[in-house]
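These notes concern the structure reproduced below.
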Amino acid sequence: MQTFAFPLSPRRRRLAWGGALFLALDAIVMGAALWWITGGRHPALALGLAGAGVAVSALLALALDRRPRATLANGILRVEAGYQRVSVAIEGARLAEIDLARPGAPALPRSLVDERWWQPGDAFGWQRDGGGRWFAVLPGRGPAIEVVAADGERLWLMPEDPGAFRAALLAAGAREA
């Protein structure tokens, strides 16, 4: 079994940890308010509330900050990103290199086109195009590998080591497009 890593969008990481910091500060304020309302008679309850809030917000940030990954075993490519999973049989799949940064590139997922301050500017998971759906692990615009499975499923992937990823897929039975 081979495992491949994908870069995570720095903006997604900042949003995840910024939100966790906000929730942690909110929990600390609620703990302080509980301390004040009870007149300091229940310090363990106030500290427990604040501690639980900080712990939950840190766990939430860790969950949101999780890196996409792919594993290749027994001719099946399993990609997990954005709490979504897809499995594709590599035998007979077609590989192509696409550059999503160049003008005239294929239609980009909306999350890459309509970038705003609250949108991370990446695509992790199922994205829709005019003809259906595809699975995208794109931390931004740039060179990517398109995998078109024999059943028509499309994956756009941007692994950290595209050469090793491509070689592993070719060894598993994929062919050049």
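Looking only at the stretch 136-157, count how many residues are in a loop (DSSP other than H, G, I, E, B) and either in contact with a Ser or Thr (Cβ under 7 Å, 6 or more places away or on another chain) or at pLDDT 90 or above (or both). Residues that pass the stated criteria total 2.
Every condition in (1) surrounded by fewer than 19 Cβ atoms within 10 Å (Cβ to Cβ); (2) at pLDDT 85 or above; (3) in contact with a strand residue (DSSP E or B) (Cβ under 6 Å, 6 or more places away or on another chain); (4) not in a loop (DSSP other than H, G, I, E, B) holds for R133 except the one numbered (2). Among the residues of this structure, G121 counts as one that is touching a Ser or Thr at 6+ places or on another chain (Cβ under 8 Å) and modelled with pLDDT under 85.
Residue by residue, here is whether (1) touching a residue at least 24 places away in the same chain (Cβ under 8 Å); (2) in contact with a Leu (Cβ under 8 Å, 6 or more places away or on another chain); (3) open to solvent by less than 40 Å² (accessible area, probe 1.4 Å) holds:
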site	(1), (2), (3)
L60	yes, yes, no
R69	yes, no, no
E91	yes, no, no
I98	yes, no, yes
P103	no, no, no
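Just one of the numbered conditions (1) under 30 Å from I90 (Cα atoms); (2) small (G, A, S); (3) crowded, with 19+ Cβ neighbours inside 10 Å is not true of A5: (3).
Residues of the stretch 76-85 include at least one that is exposed (fewer than 15 other Cβ atoms within 10 Å of the Cβ) and either over 30 Å from G140 (Cβ atoms) or touching a Phe, Trp or Tyr at 6+ places or on another chain (Cβ under 8 Å) (or both). Each residue in the stretch 1-37 was checked for being touching a residue at least 24 places away in the same chain (Cβ under 8 Å), touching a helix residue (DSSP H, G or I) at 6+ places or on another chain (Cβ under 7 Å) and aromatic (F, W, Y), and 2 of them qualify.
Each residue in the stretch 29-56 was checked for being open to solvent by 70 Å² or more (accessible area, probe 1.4 Å), among the aliphatic types (A, V, I, L, M) and out of contact with any Leu (no Cβ under 9 Å at 6 or more places or on another chain), and 4 of them qualify.
The values are calculated or read from the model by the stated rules, or taken from the named source; none is laboratory data. None of the values given here were measured: they were computed from a predicted structure. Positions of Cβ are generated from backbone atoms using ideal geometry, with glycine treated the same way; all protein chains shown enter the neighbour counts. Side chains are part of the model used for accessible areas, which takes the heavy atoms of the whole protein and leaves out ligands, DNA and RNA. Shrake-Rupley method; radii C 1.70, N 1.55, O 1.52, S 1.80 Å.
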